[in-house]
Each structure stands twice: as C-alpha cells, then as structure tokens.
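Working notes, structure below.
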Amino acid sequence: MKLNKLAIAVGVLALSGTATAEVTANIGATSNYVWRGVTQTDDGAAISGGLDYAHDSGFYAGTWASNVDFNGANAEVDFYAGFGNEFDSGLGYDVGAIYYFYPGADDLGGNEDEIDFAEVYASVTFGPVTGGINYTVYKEDDDADTNDIYYYVSASTEVAPTWSLGGTLGYYDFDESDAYSHAQIDVTKDAGDFGEFTFSLSQIIDDDDLGLDDDLMVFVSWGKTFE
C-alpha cells in the first residue's frame, strides 16, 4: 500500500457541504516495485491499481493491488482502513490497520507459502515532514513471530512549479531476526491530467547481515488518481 491516507482524509475534509464523502481510483506503473528499500518484483516492472473511500469525518478505507515476484507470490492485494485529520495548527495525524494478502504464494516445494501479514500504524505530519511507525500484529505463519516494527521519517517539498523533492529514512526491526535501515530520494513531476512521474534512488544502508541487496536501485514510476 503506497498511498498517503492522511492526504486522502484531509482532502475530503476540505470539500464544502456536510457529510461529504469521496471515492477515488488510482492506477500506477513502475520499473521496480520497491517497498521499504527492498524490491518486491525481483527488480522487474509492476502495474498497480486501487480504490479508496474517504469521508469528511476523517475515516477512510480502500484496497490496492500490484504484481510481485518473491516467495512464490505473483500478486499482492492490500486492504486498509483508518482515520486521519489535521488540526488548525497544521499538525496532522493518521492511525489505521492494513492487511497484506498474497494469493497463490507457493514455497519451493509447491506448497502454499504462508506469508500474509497485518500491521497497525500511526503517523504525525507537520508541514512537509511525516514521522510514523508500523507494528506487525498478525502473520499467517503460526510459527513466525509478530512484533516487527518499522519506523520512518519522510519529507517532501516543492522545489519549482509542478516539481517536488522528497526523501525517506526507514528502519525495519524484525522481532525474530536482525534489522535493516534504508534511504530513498524521489523527484516528482506533476503533469496535471497526465498524472505524476517520479524518479527514485533507493539504498539499503545497513542490513545486519540479513543478506539484502545493498546495490543502489534506480527506478521510475507513474501514477494517476481518478475522482
């Protein structure tokens, strides 16, 4: 799930009238689906799409899907719901839960690979800066430990009309193994009716001998939202 849920909720709050709600759809494409610093498509391309519902109360819910290529899985479908709002001071918050579903995932022996998991999350935003935490509360594999925690801080600012520069630092701490940190820089062009185009650089900084690919990843993405 690669959407800013707080932005969706706050955007609906800005609409005039009472008890307003909005349903939007989104589509996207990328030369490499990178999530938390790790490729989800074995450095291959991905096509994605989603649907979102947002109410002026701040409640939102949605789903998002993409192709993937790991652990025998070839598809990811996310389901999420939460609540986000922004105070007059400009301080925003977002809390919610997300379930990551990998239909048809098989292990090397052709048996079903239990890799689905769920997280609860919370974040705060002030100006261009967002800080957040995701906490794993469920794993489909009964033998796997939960309690994984992902911490991140990100920022994005307009550097020229229709151009923005963003960056993310993240730290993923696994309860049953080691941890790793990563960094990503994004340059985005808002092309209006043609959507948004993003050029990204992503790097694993320290993986505590997890064996992750620490080569610099360079990829381009496109996305568009339909209201």
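The values are calculated or read from the model by the stated rules, or taken from the named source; none is laboratory data. Since we're looking at a predicted model, the values are computed, not measured. Glycine gets a Cβ as well: all are built from the backbone with ideal geometry, and neighbour counts include every protein chain shown.
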Exercise for the section: Would you be able to tell me the number of residues in the stretch 55-92 that are within 30 Å of Asp43 (Cα to Cα) and of a type in the set (Phe, Trp, Tyr)? Expected result: 4
Practice task
Go through the residues of the stretch 25-32 one by one and say whether even a single one is at pLDDT 95 or above, part of a loop (DSSP other than H, G, I, E, B) and either charged (D, E, K, R) or within 22 Å of Gly170 (Cα to Cα) (or both).
Solution key: yes
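Consider Val120 carefully, then state whether it is under 13 Å from Tyr151 (Cβ atoms) and either modelled with pLDDT of 95 or more or part of a loop (DSSP other than H, G, I, E, B) (or both). Give the derivation first.
Values: under 13 Å from Tyr151 (Cβ atoms): no; either modelled with pLDDT of 95 or more or part of a loop (DSSP other than H, G, I, E, B) (or both): yes.
Criteria not met by Val120.
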Practice task
Scan the stretch 123-136 for residues that are over 15 Å from the mean Cα position of the chain (by Cα) and either free of Cβ contacts under 8 Å to residues at least 24 places away in the same chain or in a loop (DSSP other than H, G, I, E, B) (or both) and jot them down.
Solution key: Gly127, Pro128
Practice task
Would you mention how many residues in the stretch 34-58 are closer than 27 Å to Asp215 by Cβ, touching a Gly at 6+ places or on another chain (Cβ under 9 Å) and not in a strand (DSSP E or B)?
Solution key: 2
Fill in the blank from the handout: Exactly one of Gly49, Gly84, Gly104 is free of Cβ contacts under 8 Å to residues at least 40 places away in the same chain and under 24 Å from Gly223 (Cα atoms), and that one is Gly49
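Among the residues of the stretch 87-101, how many are among the hydrophobic types (A, V, I, L, M, F, W, C) and without any contact (Cβ under 8 Å) to a residue 12 or more places away in the chain?
1
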Completion exercise
All conditions in (1) more than 18 Å from Trp35 (Cα to Cα); (2) part of a strand (DSSP E or B); (3) among the polar types (S, T, N, Q) are true of Gln203 except (1)
Completion exercise
Restricted to the stretch 47-79 and to residues being among the acidic types (Asp, Glu) and closer than 22 Å to Phe117 by Cβ, the residue surrounded by the fewest Cβ atoms within 10 Å (Cβ to Cβ) is Asp69
Practice task
With the condition kept exactly as written, say whether any residue in the stretch 146-164 is among the acidic types (Asp, Glu), under 23 Å from Gly92 (Cβ atoms) and either in contact (Cβ under 8 Å) with a residue 40 or more places away in the chain or not in a loop (DSSP other than H, G, I, E, B) (or both).
Solution key: yes
Exercise for the section: For the stretch 107-118, state whether one or more residues are of a type in the set (Gly, Ala, Ser), under 29 Å from Met217 (Cβ atoms) and touching a Gly at 6+ places or on another chain (Cβ under 7 Å). Expected result: no
Handout entry: For Ala61: the one exception among (1) in a loop (DSSP other than H, G, I, E, B); (2) closer than 28 Å to Gly127 by Cβ
Key = (1)
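So for the stretch 95-103 (the condition being loosely packed, with under 14 Cβ neighbours inside 10 Å, assigned to a loop (DSSP other than H, G, I, E, B) and out of contact with any Lys or Arg (no Cβ under 8 Å at 6 or more places or on another chain)), does at least one residue qualify? Outline the logic, then answer.
Of the stretch 95-103, the ones loosely packed, with under 14 Cβ neighbours inside 10 Å are 103.
Still in the list and also assigned to a loop (DSSP other than H, G, I, E, B): 103.
Filter once more, keeping what is out of contact with any Lys or Arg (no Cβ under 8 Å at 6 or more places or on another chain): 103.
Scanning the stretch 95-103 turns up at least one residue that is loosely packed, with under 14 Cβ neighbours inside 10 Å, assigned to a loop (DSSP other than H, G, I, E, B) and out of contact with any Lys or Arg (no Cβ under 8 Å at 6 or more places or on another chain).
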